[in-house]
Amino acid sequence: MIQRVLIVDDDVKLLDSFRRWMRRELQCEVHCACDLAEAQALLDCYEYVLVMTDLSLSSQRLEGFDLIDRIASAPLKPKLIALTGHASKEIRSIALRKGADVFLEKPTPIHELMEVVRGLIGSKHESSAVGSAEGRLLTTLFQDRKS
């Protein structure tokens, strides 16, 4: 059975790198969205085993919380990873209380993120991403977002 994953982030390079890694290493069907409306449209059409969302999808507010609310009320709730570069104890607490299974602060070392993903979707594949070109690109992108 193919596992379907939704990644929501306004960073297109990050989306593309995650998509390639998950397809190659985990054999997942990966859908990507850059904003809340696009993510909600995909959720209307597909069921996902995992949704990974950045909480800040624009400079206006933390729209990712709206997505978490929607997913938490879904009948078949996928696993949910909340990511943000704007972490605080309060934001972490809200994300977990609303239904995120995991809260990660950007930048998170890519090998840690991939182990979390692997653990949540139950994949038994060994990772080679950290040494790959995509793994290095993801690591660089995560480090660049902090600055």
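The values are calculated or read from the model by the stated rules, or taken from the named source; none is laboratory data. Nothing here was measured: the structure is a model prediction, and the numbers come from that model. Cβ coordinates were reconstructed from backbone atoms using ideal geometry, including for glycine residues, and neighbour counts include every protein chain displayed. Quick note on the areas: whole protein, heavy atoms, side chains included, nothing else; ligands and nucleic acids left out. Shrake-Rupley method; radii C 1.70, N 1.55, O 1.52, S 1.80 Å.
Considering only residues that are over 13 Å from the mean Cα position of the chain (by Cα) and modelled with pLDDT of 85 or more, which ones fall in the stretch 2-11? Hit for the stretch 2-11 is 3, nothing else. Checked against (1) in contact with a helix residue (DSSP H, G or I) (Cβ under 7 Å, 6 or more places away or on another chain); (2) modelled with pLDDT of 90 or more; (3) open to solvent by less than 40 Å² (accessible area, probe 1.4 Å), residue 64 passes all but condition (1). Here residue 18 does not fit the description of being in contact with a Lys or Arg (Cβ under 7 Å, 6 or more places away or on another chain), among the aromatic types (Phe, Trp, Tyr) and either modelled with pLDDT under 95 or part of a helix (DSSP H, G or I) (or both). Among the residues of the stretch 40-79, the ones that are of a type in the set (A, V, I, L, M) and over 18 Å from residue 3 (Cβ atoms) come to 7 in all. Selection of first residues in the stretch 2-21 that are within 15 Å of residue 54 (Cβ to Cβ) and of second residues that are open to solvent by 10 Å² or more (accessible area, probe 1.4 Å) and of a type in the set (Gly, Ala, Ser), restricted to Cβ pairs under 9 Å at least 6 apart or on distinct chains, gives the following pairs, ordered by first then second residue: 10/56; 10/58. Listed by first and then second residue, the pairs with beta-carbon distance under 6 Å, at least 6 apart or on different chains, first residue in the stretch 69-85 and surrounded by fewer than 13 Cβ atoms within 10 Å (Cβ to Cβ), second outside any helix (DSSP H, G or I), are 76/47.
Do the conditions hold for residue 16, that is, is it of a type in the set (D, E, K, R), open to solvent by 10 Å² or more (accessible area, probe 1.4 Å) and more than 23 Å from residue 115 (Cα to Cα)? First the steps, then the outcome.
On the way: of a type in the set (D, E, K, R): yes; open to solvent by 10 Å² or more (accessible area, probe 1.4 Å): yes; more than 23 Å from residue 115 (Cα to Cα): no.
No: the conditions fail for residue 16.
For the stretch 23-48, how many residues are touching a Pro at 6+ places or on another chain (Cβ under 8 Å) and of a type in the set (D, E, K, R)? Can you show your working first?
Here is the first cut: in the stretch 23-48, the residues touching a Pro at 6+ places or on another chain (Cβ under 8 Å) are 47-48.
Next, only the ones that are of a type in the set (D, E, K, R) stay: 47.
Counting residues in the stretch 23-48 that are touching a Pro at 6+ places or on another chain (Cβ under 8 Å) and of a type in the set (D, E, K, R) gives 1.
Considering the stretch 39-61, and only residues there that are over 21 Å from residue 97 (Cβ atoms) and modelled with pLDDT under 90, the residue that is most open to solvent (accessible area, probe 1.4 Å) turns out to be 60.
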